[in-house]
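Below: the structure, in structure tokens.
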Amino acid sequence: MREFIKSTRFKILLAFLAFLIGIMIYAVTKGGYSVSGSSFINTITKPFRRAANSISMGIEKKLDIFSDSDSYYEENQLLRKENSDLKKKLSDYNAIKSENEELRKFFTIKEEHEDFVLSQPCDVIGYVTNDPFRSFTIDKGSADGIKPDCPVVTAEGLVGITVEVSEHVSTVRTVLSPDLSIAAICSASIADYGIIEGSVLAAEKGYTLLKHISPKHKLRTGDLMITSGSSGLVPKDYPIGTIKSIDLDSNGLSVIAEIEPCTDITRLTSVIVITDFSGKRSDSDED
């Protein structure tokens, strides 16, 4: 018992009792009336009740949010679905727009060259890896009437020829390649001609070259070069590209010109294959 009386707990209890007695005496002497037990308790606990009420209101708001979480989730899911539907409609619209554009190009070629037998528009599957001359594959093949050495074009100009053809896929060698030689003439003057053959340096810029130009040429920057059709490999008078520069070859003896293709070979998404045309050289003609 003596130890409890001497303890800190006992001293705190005495201090608390003295505080309560002091409050009661103050209330009686200040207001001139007695303080009931319930009134005293209400006075003492008022700050605590205010704090508890504030906490209670906060918890109630939290509980309201949790109780409405299902409706919020459903609304969020609905908005997500609407957003997904809108994206799909936009994607479908862009696909239809792109398809219509390709068909428009298809009919443009057909109207300008009635003798052409054309494949359906072909999607470019991808470019051949590590090929500086930008060979690529398309999603049409022998099942679509395509054979090796068929000209590949867009409405803007010549792209190249098919070199490997399977039933449903073909590989295209482009005009950027030195392994493809095409006779070309200037659209402004048939007296100015040469051979289209690419090079690594020209292909790095997306260009090809016009070689074997006559020393007495009258070619100018900006002139359009078109196919001569003399080889029978490609149709006559189809656009190839415009002259970007004219200079002497590295040997200093012959003239050479850089040609920018009418079609950007490095960014193709679709092309059309000419499976037959007037003047096309057949196998029997080669014998």
Subject >> Percent RCO, i.e. relative contact order, over region 187-287, from Cα pairs under 8 Å lying at least 6 residues apart >> reply: 25 percent
**OP:** Would you please give the FRET efficiency between residue 253 and residue 205, computed as 1/(1 + (r/R0)^6) with r the Cβ-Cβ distance and R0 = 35 Å, to the nearest 0.05?
**Re:** 0.90
**OP:** Can you pull the one-decimal nm distance between simple spin-label points at residue 187 and residue 131, each 7 Å off the Cα toward Cβ?
**Re:** 2.7 nm
Original post:
Here are some pairs, 140/205; 147/236; 110/205; 147/244; 244/280; 110/140; which of them have Cα atoms lying more than 23 Å apart in this structure?
Top reply: 140/205; 110/205; 147/244; 244/280
Original post:
Stretch residue 139-residue 167 to full length: gain in nm at 0.36 nm per residue minus the Cα-Cα span?
Top reply: 9.1 nm
Original post:
Percent relative contact order of region 173-231, based on C-alpha pairs within less than 8 angstrom and at least six residues apart?
Top reply: 39 percent
**OP:** Please give the solvent-accessible surface of residue 113 in Å², to the nearest 10, using a probe radius of 1.4 Å with every protein chain present.
**Re:** 30 Å²
**OP:** At 7 Å along the Cα-to-beta-carbon direction for both residue 237 and residue 82, put a label point, then send me their distance in nm to one decimal.
**Re:** 5.8 nm
Original post:
Can you tell which of 279, 266, 254 lies farthest toward the positive end of the dipole of region 232-282, using +1 and -1 charges on the Cβ of basic and acidic side chains (Lys, Arg; Asp, Glu)?
Top reply: 279
**OP:** Any chance you could run the full-extension gain for residue 264 through residue 110? It's 0.36 nm times the residue separation minus the Cα-Cα distance, nm to one decimal.
**Re:** 53.3 nm
**OP:** Name the residues whose placed amide hydrogens come within less than 5 Å of the amide hydrogen of residue 276, ignoring near sequence neighbours (fewer than 5 apart) on the same chain.
**Re:** 117
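The values are calculated or read from the model by the stated rules, or taken from the named source; none is laboratory data. For clarity, every value in this text was computed on a predicted model and none was experimentally measured. Please note: Cβ atoms are built from the backbone with ideal geometry, for glycine as well, and neighbour counts cover all protein chains shown. What goes into the accessible areas is simple: the full protein's heavy atoms, side chains included, and nothing from ligands, DNA or RNA. Shrake-Rupley method; radii C 1.70, N 1.55, O 1.52, S 1.80 Å.
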